[in-house]
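Each remark here refers to the structure printed beneath this line.
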């Protein structure tokens, strides 16, 4: 009896595609729509997990665009603390599509707004990226000037990016009432004071996210006609929820909504692809735990596996030296401090919220 | 600095809500919008996982309706094979929201379309519920007449249901373009022949699922104004995907769309609630104990955990424990600190316990045409 | 009664030694020096109150110059530290391509870009500079001294260079661009403030360069530099040029200020 | 020269009586057959099983009842040339109960699902009703015993349909309401044929030969003519006694005679008609 399943590939069936497959290499899991050559100029943005993708690409000495490189005078971990080298510019973590869309629109219009500044102990913070200046700025003028520099550099970035990798992190966000702008982190976590009159909680739905992602795609194409986009969903659960729901529910809802909208974008547009890193980490069909004891940070070897799948799919991974590099991996397994699940080296405002739990 | 997370309760934080919580009872995970009691008339429908829910609700003494009960004298094995007792009527597995919607539309219009009956070896099969007649019908007329009877039973069921528990299974479906209906199974799996001209694969999008769920609710409310809808998402992954993607990715996409839509409908409609069975089974903290060797079937312990959370949240397990303790010295202890393992006592001896370990996982006793797809792999 | 002070440093101790030798007044300070050129003191150790330079002096040059290899801390009333990479040089470098809005030459990001600078926040600038100053050999010495003794520790400011750094041949680009951009004052003030702060954090006092010796923010008046021919000096078209080391007049001025503070 | 007589063992419950009495009464009719009964009323044979070529039971009470009624509580299969299992619920009662719970398009009286539902016998598929009838018939002790004997492979096994109730059952109100309803709706004939068809199929599948109730004895499909029920006897140790007058389920020797004729024909043994 002829039926549409009789001639599907083994990867289409759960038994052969998952139960019996190699759960490290995940053959045929990710078949890219477009190529990434060693000389392709890649930009990354998104939540903490996007920093992982960037590190993996940088390890393969890919030309990762960085329009706001750290000053030479700054050594590495201080640079990271000031938001250098995390992504392709100092926009810090971008957790929601709305945040990215509004940033793109700012780049187009050069808009910088004074109301979008928080204060803490006399220091001034850019509400749209509070974490890139941990000590804050001396004046409002300094915040505004630094933001103008940032936007100018971003124009350069988007005009030269061949492939833009965007990792979707959250649907829960805080909107600034007067300007309507979407903030990366709630007021009062890094700076600013929370008052319900000025800030309101918002949980982006699939439809809103889809509208924003479509607008992002359109805006990016205005900067660079042939730009390609790779969407991924961050497998890192949310630290806390302001939805009133249990955090397991809220986190599953958030990740499901993001995965659903990323999938729909990839289906609709041939210059948008979806990389299933989320699936590799969160599937129960894996050998061994993916997360550390805090069930949020992803074990380094799992991140390595995910990135290997990504790089192999594009044929970018020259296995010899990466194997060698893995051998002398700076985080030796027996380093106890590393293993107790303490927040690994990702810069993540979102996890600051956990510290706030009374 | 004041911040909005100050007065968030412990279950709002991942550390206290997931890492440090009791992952058997999941306190605070499910706060029902409307409570089930022993008198609530509950109907069940949906994908294979819903069969678990129906069974355990009955075990817990919930009044689970059956609009098309098996003949009294019929043996359970035969009855199950003919689709009796799986749900609250013989509609078989309803994998997509669209199927549920179209079933209600057909039932309310009394519409039976003869194009939706396909043959195999001269026997006629109802493509909207191919599984309930494993050997098909002798004639098209018999098949159509049976469907008319079924639709009337569905009308009667919905009209007398207080809460419909609907488990969303898939977003991948097969549409008969000519009849404009979504089939339960791809043509050619159980009956009929796959012809591209007539049958089209369709992966329902978030918007479509959302709209189908809202329309399903509206139709049900037309029949029974104060009916409530309790949505869950099945944690059982796809057996196979026709989307062209890898099944792991396709399954993740499918479940994500369903979870997002279910969440939004529940948030937007007072008469709709969402029960997080999907969360409990797939949460990474429980990954090891959740699935059978085929990584698809959910283990009995996990089903019991899920149902334990459900029954406790609805205050049914405690009531039940008193009832049990009163009658017989049953496993379940009386009083509120009921140990969920008591639930195991309810479900009778776990036959699988003594089975030796290396025997192939007990064939999932769920009736699931979707699992047939595996057999089709060349 | 003059104070007994131990000075630890590199070639910059010269100004102080000569000040004591040539000064006709009693500066109220007796000085003993443990010093070695460049970074050769980096192998120093401090064990039970004994500071050892651990540098070898094969030809006895240091000894002849009155520079000791070790000294017992308890024998002194105060400890002075100078040179050893704790200077304005390491600060002006930072300003080669970085600027902050407080600087006229970087008041907005276009102006900064035109002047070849990337705008950064003051806080970041501060962290960069403090980070570099704190890593100087001088600060390592001070930190260990602070562990070993409760004596007051004074970091004596290494003098700014002479204008010689602007001349082709001994050109220091960073000083030139600072001058062209007119950011000299800002750089100088920033250096003084952060040097002071860095020393305070490691438990030491900071003796700033006396204003009267400063020429247009970034340089030292040649009156305080001429006549010092201490290595390292540069051979530039046949002439030995030394634009970094101060002479006895500078040393005397610093010690006078110090004596006032110690009294 | 007469061939040695074939030993035919008749197993069953109260329905053995007709066979026993007929075989006594017309012994000469079947010169090549010698009949021995093995069984007892009700479900005694339920406790018996085939073990090492014999039909045995550990249930003392059942053994006692068989010993009392037939003189033996253990049956060696070796000495038997043919087995006839009769009664033990293998009867039309099962399909009648099925078609009083469900109905199918095949029933003459059912034109559509609506009239089926009105008699609160919901419409089901023909396949389902057949599967259900098969299940019920296979659950009977008669079928299970015949199957076990056939599996023991000793000798041919016959399963004789328990007689249909007497025509007068229709006057006995609720007890036979199911029969009456089906008869009044005109489904009797069809159901009778369906029963025999299904019975034959499941017997064949179990390696057993089905002895249908002879058509001559059937009235309106569901009932047995009075002629073949009158004077039915009940086996008793002290001698057979007549059933009460309102007994509508036990057939008499005349009925058994026709069944035995069928058996003889099936075994290709001679039937000598009396002059």
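Just to be sure, is residue D:121 part of a helix (DSSP H, G or I), within 14 Å of chain B (Cβ to nearest Cβ), farther than 30 Å from residue D:240 by Cα and at pLDDT below 90? Answer is no for this residue. Among the residues of the stretch A:122-138, those that are within 7 Å of chain C (Cβ to nearest Cβ) and surrounded by fewer than 21 Cβ atoms within 10 Å (Cβ to Cβ) comprise A:135, A:138.
Taking the condition of being within 11 Å of another protein chain (Cβ to nearest Cβ) and not in a strand (DSSP E or B), how many residues in the stretch A:152-197 meet it?
So the answer is 15.
Do you know which of the residues in the stretch B:240-257 that are in a loop (DSSP other than H, G, I, E, B) and touching a residue at least 60 places away in the same chain (Cβ under 8 Å) is surrounded by the most Cβ atoms within 10 Å (Cβ to Cβ)? Among those that are in a loop (DSSP other than H, G, I, E, B) and touching a residue at least 60 places away in the same chain (Cβ under 8 Å), it is B:241.
One line per residue, one yes/no per condition, for (1) within 12 Å of chain B (Cβ to nearest Cβ); (2) in contact with a strand residue (DSSP E or B) (Cβ under 8 Å, 6 or more places away or on another chain):
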| residue | (1), (2) |
| --- | --- |
| D:129 | yes, yes |
| D:138 | yes, no |
| D:142 | no, yes |
| D:154 | no, yes |
| D:172 | no, no |
| D:176 | no, no |
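The residues on offer are C:125, C:133, C:73, C:137, and the sole one that is in contact with a helix residue (DSSP H, G or I) (Cβ under 8 Å, 6 or more places away or on another chain) and within 11 Å of chain A (Cβ to nearest Cβ) is C:125. Of all the criteria given as (1) assigned to a helix (DSSP H, G or I); (2) more than 14 Å from chain B (Cβ to nearest Cβ); (3) within 28 Å of residue A:271 (Cα to Cα), the one not satisfied by residue A:78 is (3).
Residue D:115 satisfies every condition listed in (1) touching a helix residue (DSSP H, G or I) at 6+ places or on another chain (Cβ under 9 Å); (2) in a helix (DSSP H, G or I) except (1).
Check C:258, C:262 and return the single one that is surrounded by fewer than 18 Cβ atoms within 10 Å (Cβ to Cβ), in contact with a strand residue (DSSP E or B) (Cβ under 7 Å, 6 or more places away or on another chain) and either over 23 Å from residue C:29 (Cα atoms) or modelled with pLDDT under 95 (or both).
Every option except C:262 fails the conditions.
Going through D:83, D:90 one at a time, which residue ends up being assigned to a loop (DSSP other than H, G, I, E, B) and crowded, with 24+ Cβ neighbours inside 10 Å? Just one listed residue meets the conditions, D:90. Residues of the stretch B:56-82 that are in contact with a strand residue (DSSP E or B) (Cβ under 7 Å, 6 or more places away or on another chain) and in a helix (DSSP H, G or I): B:57, B:58. In the set (1) surrounded by fewer than 23 Cβ atoms within 10 Å (Cβ to Cβ); (2) under 24 Å from the mean Cα position of the chain (by Cα); (3) modelled with pLDDT of 90 or more, the condition left unmet by residue A:100 is number (1).
Taken over the stretch B:9-55, the criterion of being at the interface with another protein chain (Cβ under 9 Å from one of its Cβ atoms), buried (at least 16 other Cβ atoms within 10 Å of the Cβ), touching a residue at least 12 places away in the same chain (Cβ under 8 Å) and not in a helix (DSSP H, G or I) is satisfied by B:26, B:28, B:29, B:30.
Taken as a whole, the structure leaves residue C:114 outside the set of residues that are closer than 30 Å to residue A:143 by Cα and touching a residue at least 24 places away in the same chain (Cβ under 8 Å).
Which one is nearest to the chain's Cα centre (by Cα), of the residues in the stretch C:26-64 that are assigned to a helix (DSSP H, G or I) and free of Cβ contacts under 8 Å to residues at least 40 places away in the same chain?
C:40
Conditions tested, residue by residue: (1) within 14 Å of chain B (Cβ to nearest Cβ); (2) over 30 Å from residue B:370 (Cα atoms); (3) surrounded by fewer than 17 Cβ atoms within 10 Å (Cβ to Cβ).
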residue	(1), (2), (3)
A:31	yes, no, yes
A:34	no, yes, yes
A:46	no, yes, no
A:49	no, yes, no
A:53	no, yes, no
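Selection of the stretch D:244-275 for residues being in a loop (DSSP other than H, G, I, E, B) and under 18 Å from the mean Cα position of the chain (by Cα) yields D:247, D:248, D:249, D:250, D:251, D:252.
Scanning the stretch B:268-305 for residues that are at pLDDT 95 or above and farther than 25 Å from residue A:281 by Cβ yields B:268, B:269, B:270, B:271, B:272, B:273, B:275. Only one entry in D:109, D:103 is crowded, with 23+ Cβ neighbours inside 10 Å and either within 14 Å of chain B (Cβ to nearest Cβ) or over 30 Å from residue D:13 (Cβ atoms) (or both), namely D:103.
Here is a check on your reading of the model: is residue C:160 surrounded by fewer than 17 Cβ atoms within 10 Å (Cβ to Cβ) and at negative phi? In short, no.
Scanning the stretch A:11-29 for residues that are in contact with a helix residue (DSSP H, G or I) (Cβ under 9 Å, 6 or more places away or on another chain) and at the interface with chain B (Cβ under 7 Å from one of its Cβ atoms) returns A:11, A:12, A:13, A:14, A:15, A:16, A:17, A:18, A:28, A:29. Restricted to the stretch B:140-238, the set of strands (runs of 3 or more DSSP E) holding at least 2 residues that are away from chain A (no Cβ under 13 Å) comprises B:163-168, B:181-183, B:228-233. Kindly indicate whether residue B:307 is more than 30 Å from residue A:266 (Cα to Cα), under 16 Å from the mean Cα position of the chain (by Cα) and within 11 Å of chain A (Cβ to nearest Cβ). Against the criterion (more than 30 Å from residue A:266 (Cα to Cα), under 16 Å from the mean Cα position of the chain (by Cα) and within 11 Å of chain A (Cβ to nearest Cβ)), residue B:307 does not qualify.
So that you can scan it fast, the table gives a plain yes or no per residue for (1) assigned to a loop (DSSP other than H, G, I, E, B); (2) at positive phi; (3) in contact (Cβ under 8 Å) with a residue 24 or more places away in the chain; (4) within 10 Å of chain A (Cβ to nearest Cβ):
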| residue | (1), (2), (3), (4) |
| --- | --- |
| B:281 | no, no, yes, yes |
| B:286 | no, no, yes, yes |
| B:302 | no, no, no, no |
| B:311 | no, no, yes, no |
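The single condition among (1) surrounded by 13 or more Cβ atoms within 10 Å (Cβ to Cβ); (2) at pLDDT below 90; (3) out of contact with any helix residue (DSSP H, G or I) (no Cβ under 9 Å at 6 or more places or on another chain) that residue D:244 does not satisfy is (1). The test for being more than 24 Å from residue A:204 (Cβ to Cβ), without any contact (Cβ under 8 Å) to a residue 60 or more places away in the chain and more than 10 Å from chain C (Cβ to nearest Cβ) holds for residue A:110.
The values are calculated or read from the model by the stated rules, or taken from the named source; none is laboratory data. Quick caveat: nothing in here was measured; it's all calculated off a predicted structure. Cβ sites come from the backbone with ideal geometry, for glycine too, and all protein chains shown count toward neighbours.
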